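These notes concern the structure reproduced below.
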Amino acid sequence: MELDIPEFEGPLLQRGVGVIAPFDLALERELWRWAPLEVSLHLARTPYEPVPVSLEMAELVSERRHLVAATRDVLHVEPEVVAYLCTSGSFIKGIGYEKTLRDAICDAGAPCAVTTSGALLEAVRDLELTRISVITPYDEQLTKLLHSFLAEAGTDVVRSTHLGLGGGIWKVNYRTIAERIIAADDPDSQAIFVSCTNLPTYDLIAPLERELGKPVLTANQLTIWACLGRMKLPMSGPGKWLRGVF
């Protein structure tokens, strides 16, 4: 019996992205939806911490030793870039601290590093955003720290809403998230940023961008966009304002 085998060496050559995720991430599938076919995502998680979503948790999951260990866990598959997939953990102590997180990942051996909040700053800069609206699933304390992070970058938060959740963020339904995004919109805001890599947003972005006529930027979207930009690859999925920026 003859097998009809394609005349090339397969499978498709994969290009890797290492992803350091907090222990409670539940949205791996959403990440993959933005990745083109030739990109593989290799995840490592920070250690479990028995605390609710809060400033304390953000501090625990962004400890340098955890990022170093997780980076080393994924290096053997030779990722081209390693991303720290956590918004709050990368904005809580300002722009300077965000850079120390990237430095820690590179010091551990990664060829290139991205953080979710760093990706947000890149989008803000490249889209020339000076006024945005914000929605978060966090409490008021964490949400205000995000405002401070953006203010440090020269971007004003003109309207903000937060859900005040201490856990189970991935369980929030699309209707609730869409309603909060619409409520956070303001005529003066140039875009809306939806914080937290554990908040599902993929299927909301395109219809809400059409409805509101402005970018709807989300944490997972921006992280993958920044990684793919460094790999000179296009992003799959929604987010028309981000295409071709790199």
Q: Look at the stretch 72-93 and say how many of its residues are touching a residue at least 40 places away in the same chain (Cβ under 8 Å), under 20 Å from Ala219 (Cα atoms) and assigned to a helix (DSSP H, G or I).
A: 4
Q | Matching residues in the stretch 165-192 - criterion: being among the small types (Gly, Ala, Ser), without any contact (Cβ under 8 Å) to a residue 40 or more places away in the chain and under 16 Å from Thr155 (Cα atoms) | A | none
Q: Within the stretch 101-108, identify whether any single residue is over 18 Å from Ala21 (Cβ atoms) and either hydrophobic (A, V, I, L, M, F, W, C) or open to solvent by less than 20 Å² (accessible area, probe 1.4 Å) (or both), and answer yes or no.
A: yes
Q.
Given the criterion within 16 Å of Leu146 (Cα to Cα) and surrounded by 14 or more Cβ atoms within 10 Å (Cβ to Cβ), identify the matching residue among Glu63, Glu80, Glu122.
A. Glu122
Q. Which residues, counting only those in the stretch 34-48, are at pLDDT below 95 and not in a loop (DSSP other than H, G, I, E, B)?
A. Trp34
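The values are calculated or read from the model by the stated rules, or taken from the named source; none is laboratory data. The model shown is predicted, which means the values in this text are computed figures rather than measured ones. With ideal geometry, Cβ positions are generated from the backbone for all residues, glycine too; neighbour counts draw on all protein chains shown. Remember, those area values only see protein heavy atoms, side chains included, never the ligands or the DNA or RNA. Shrake-Rupley method; radii C 1.70, N 1.55, O 1.52, S 1.80 Å.
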